[in-house]
Structures are given as structure tokens and as C-alpha cells.
Amino acid sequence: MRLYGSGQLEAGASVDGQAYKNVGVSIAEHRGFSIGGQRNPLIIRLDHVNKSQNHQGYVELYLSPALRDPSMIREVLGYEIAREYMAAPGANFAKLYVNDEYRGLFVNIESVDHRFAEHRFGPGAQGLFHVRPADPDRQEEGCMKNVFGALEYDKGGLSCLKSNFVNVWKADAWVNLLNLTSMLADSESDVSEILHIDNVLWMLAFNNVLVNLSSYSGRYSQNYALAIDRFGKFHPVLWNLNYAFGSYKNTGVGSDLDLKGLQTMDPMLHKDNRNKPLISALLSNPLYRNMYLHHMRTILADHFSDEQYEIRAAALQELIAAPFAEDPYQPYSDEEFATSLEKTIGERSRIPGIVQLMSRRARFLSKHPLLTVVPPEFDKVDVKRRKQYARDRITDFTITASVSSFPRRVFLYYRPSPDQPFQMVQMMDDGLNEDGAANDQVYGITID
């Protein structure tokens, strides 16, 4: 993210063989920073002087050292999975040379800046916030303690909120963020008015399935951003996935989890924790709870039930094996890299192997009572259309759906145009909505 050090150095750069002049180079604020360190995370701004300068449309390169990730693939694999379900940065690998000297293998991550917000959430996006890196020793006087990025409502108001978030775009959006914390704290408020619920549920499901605890779901409620679209709704954006797949182990309740605890972590973690209102407030709603569980089932089915992630992880490691072996400053050995999918690495940090963790976690979740419920299935969906060659003007649309496996309720999400948010309406099986006979498991609705 765009959290810079004291300044930028000007330099020339070459990216994929293409030369750029007068770029800005700085060390990013990062937990892995060390004075004189050879693998400090770097930010390279191509438009530092020349504002039109970019590489394939990107103006900023964020080079992550993949801290506490002996596999080197947690970020690339994690973002790859996340992008199937929500807005998330692109990520790939980069070989870094400084003054023609090879400095090692890094992970190149798309910056979550105003360009990201406008590209993912449409022109007219209204703001972007980053969660400040958690620092338990630096907390604002007069504010609630240990809130960090949890979005708890604090009576201290904006000054307390500003101690935990950075407004990186559009300074007048602070009131929106304060309003979000207030609505999350009020059980009578309809937070869906300013929060994109489905995107939040995808993020929470992702964090839980992949044991991504250096996130909102973990101790410090950090490593995510909040973008505001042009309709005033907040969307979460994941960040800093090098701790995913159990590399960071603290949920905020008790001590660090051991390997078995990570593998069997509760899918409803924090559901009653009022200090995590994004989780507790949303999962107290039966509909949102079911959506969240279904998102977990989807992620499991798409990537972990048939071990697709294992095949992809091995392919990514094969891609980077040579530059990893040549990396002069890599803290992990070739043997640790080679065994990092199957074995725990490190006597102290105890970083679990990705396959070692996820093979048993996937089995645990697939057998969990909350996730073994057979969901209803859509057998057929029809839209009543204008008859062929007819010239009648269409003023409404009738949609019917045949649904088996005993659905309780059926909802339709629709939007008038692709740049507008979805609206939700309940479909009926009462014989009065062109759905056939009542209680025949055919549901209908007419939209003007």
C-alpha cells in the first residue's frame, strides 16, 4: 500500500526490458523492515516525475519480500484465489536488480490506490481507506484500546478513527467511515445501505477457509482496505497475504494456534465477538450467515476439495525455483523451499506447509455440521420474453425458477445496468406470481 518512508530516491528503472527515467524508489512501511536489510519491501513509482509514465497501465510496483513465507507463493496463490470472488490485487513474481546486481526474488503486488478503486468499483468512486499497521504500543489517548481496524464504534469520534485508518484518497470521506462504525454498532440499522454485504462475506469466508489471520479475522483486524463506490457503499480489499495459510496464528482469543488448531479452526470464529462487528453483526443475520457458509462451501469446492490448489502451488514453485536458488539474500534454504508445501518450517516460527495445513483443513470443513447441509439447487431458470416478431414494448420482466431440495426462501438479485448496485427481491411460490401452482417449488417474480 502507499505507506512511504521519509522520501523517494530518483532512479532509472527497467521493467520487462522497457526503460523508464526519473522513477521514485522508497522503502515501504512494513513489519519486515530492518535498517540495512537486504530484503526490505520496495515501492517504485513510475510517474514520480513524468505523470504519464506507466507500465501496461500501472504506475506503481510494490515489491514484497514474502516475509515468513518459505514457499514464496502464499501471496500469488492467495490473491489468485481471492480474485475469483472479490476485487483483489494482481500479483506475480519479480527478479530485482539494483545497479545490475541481482538482489533477489520478490513478489510484485498491484497497489491498492485510487486507480485500483476506480478500476474495480467504477468511475466516480468516492474514497479509499487503508488500515494502519497495528502497533499496540502506540494508541491514541482517550480512545478505546486495541481496536485497530476492527471498525468498533468509538465515542472518541474521528480522532480515534484516524489513529487506526489512513485516508489515502478524498479527505471528505471520514464521515462515511464514522457512519459505518455507528451503523455496525446499532442492531436496528440496515448496514447494507452503506456496506456491500456480499463482498464482506466473501472476504470473511476467504480468511477463514485459508486461515488468513493477519487480517480482519485475526488479532489485530488489519491488512485490508475499504473503498467507497460511487453509490456510497464500502467494499473491503484484501492485503498482505504472505501470512495466509496459517503463517500468522493468533485469532485474538487466547494464545497462538498450533497446527491442529489451525486445521480445525471454527468456521464461525468471532460470530459472537462484539469487538469484531463486521463478523458478529453480519453473522447474526440468518440470511447473511447462510450466504457466508455457502461462500465457504464454494471456495472449498472450487479449490480444495479436489486438490486443485496443490497442483497450482507446485506449478508456481516450479516457475520460481531457479531465481529462488540464485537469490543471494534469501533467508530460507533450498531444502526449506522444496519442502515448504508438505512440512512445517522453522523451530520458532513454525510456519505450516500449505498442503500440510489445507489437506486436513479441507477435510475438517467438508465434514463440519454447518457445511454438510445440502443446499437447494436451481434446476431451471426462465425469463418470460417478448414473442418472436412482436413489437410490443417491454415494461417488465417475469423470472421463474424451479428449485429442488426444499428451499425455504428464494431471492433474485438484479440491477438496471452493469454500473449500478444489485437490488434484492424475494421470489414467491404462492401461485400468484406466474409461478404455476402454489407450493410446487417453482418461484416467480415480476420486475418493473
When the stretch 149-160 is checked residue by residue, the ones that are among the aliphatic types (A, V, I, L, M) and open to solvent by 20 Å² or more (accessible area, probe 1.4 Å) are Leu158
Only residues in the stretch 309-334 that are under 23 Å from Arg39 (Cα atoms) and open to solvent by less than 50 Å² (accessible area, probe 1.4 Å) count as the first member; pair them with residues that are among the basic types (Lys, Arg) and at pLDDT 95 or above, Cβ under 6 angstrom, at least 6 apart or cross-chain, and list the lot. Pro323/Lys95
Considering only the stretch 289-308, state which residues are out of contact with any Leu (no Cβ under 7 Å at 6 or more places or on another chain), open to solvent by 40 Å² or more (accessible area, probe 1.4 Å) and not in a loop (DSSP other than H, G, I, E, B). Asn290, His294, Ala301, Asp302, Gln308
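Test Asn92 against the stated conditions and say whether it is in contact with a Lys or Arg (Cβ under 8 Å, 6 or more places away or on another chain) and either surrounded by fewer than 20 Cβ atoms within 10 Å (Cβ to Cβ) or part of a helix (DSSP H, G or I) (or both).
Taking the combined requirement at face value, the residue does not satisfy it.
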Looking at the stretch 5-27, I want the residues that are open to solvent by 40 Å² or more (accessible area, probe 1.4 Å) and have a partner that is aliphatic (A, V, I, L, M) and part of a loop (DSSP other than H, G, I, E, B) with Cβ atoms under 7 Å, at least 6 apart or on another chain. Which pairs are those? Asn22/Val49
Scanning for something of a type in the set (Asp, Glu) and open to solvent by 40 Å² or more (accessible area, probe 1.4 Å), does the stretch 207-230 turn up at least one residue? no
With respect to the numbered conditions (1) basic (Lys, Arg); (2) modelled with pLDDT of 95 or more; (3) over 23 Å from Pro41 (Cα atoms), which one is the sole condition not fulfilled by Arg230? (2)
Which numbered condition Asn50 misses (of (1) touching a helix residue (DSSP H, G or I) at 6+ places or on another chain (Cβ under 6 Å); (2) surrounded by fewer than 17 Cβ atoms within 10 Å (Cβ to Cβ)): (1)
Given (1) crowded, with 22+ Cβ neighbours inside 10 Å; (2) of a type outside the set (Asp, Glu); (3) part of a strand (DSSP E or B); (4) in contact with a helix residue (DSSP H, G or I) (Cβ under 7 Å, 6 or more places away or on another chain), number of the condition Leu61 does not satisfy: (4)
When you go through Asn250, Asn199 one by one, which is the residue that is within 10 Å of the chain's Cα centre (by Cα) and either among the hydroxyl-bearing types (Ser, Thr, Tyr) or open to solvent by less than 30 Å² (accessible area, probe 1.4 Å) (or both)? Asn199
Those residues of the stretch 28-43 which are β-branched (Val, Ile, Thr) and open to solvent by 20 Å² or more (accessible area, probe 1.4 Å) amount to Ile35
Hey, among the residues in the stretch 248-288 that are out of contact with any Leu (no Cβ under 9 Å at 6 or more places or on another chain) and among the basic types (Lys, Arg), which one's nearest to Thr344 (Cα to Cα)? Lys260
Under the condition of being without any contact (Cβ under 8 Å) to a residue 24 or more places away in the chain and among the acidic types (Asp, Glu), which residue from the stretch 335-370 is most open to solvent (accessible area, probe 1.4 Å)? Glu347
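If you check Glu101, Glu75, Glu29, which single one turns out to be closer than 30 Å to Arg297 by Cβ and charged (D, E, K, R)?
Details: Glu101 fails: closer than 30 Å to Arg297 by Cβ; Glu29 fails: closer than 30 Å to Arg297 by Cβ.
When all the criteria are applied, what remains is Glu75.
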For the stretch 118-133, enumerate the residues that are part of a loop (DSSP other than H, G, I, E, B) and buried (at least 20 other Cβ atoms within 10 Å of the Cβ). Ala125
Let me confirm something: among Arg103, Arg115, Arg138, which residue is part of a helix (DSSP H, G or I) and surrounded by fewer than 21 Cβ atoms within 10 Å (Cβ to Cβ)? Arg115
How many residues, within the stretch 56-94, are over 13 Å from the mean Cα position of the chain (by Cα) and among the basic types (Lys, Arg)? 2
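The values are calculated or read from the model by the stated rules, or taken from the named source; none is laboratory data. These figures come from a predicted structure and were not determined experimentally. Cβ atoms come from the backbone with ideal geometry, glycine included; neighbour counts cover every protein chain shown. When the accessible area is computed, the model is the full protein with side chains, heavy atoms only, and any ligands, DNA or RNA have been set aside. Shrake-Rupley method; radii C 1.70, N 1.55, O 1.52, S 1.80 Å.
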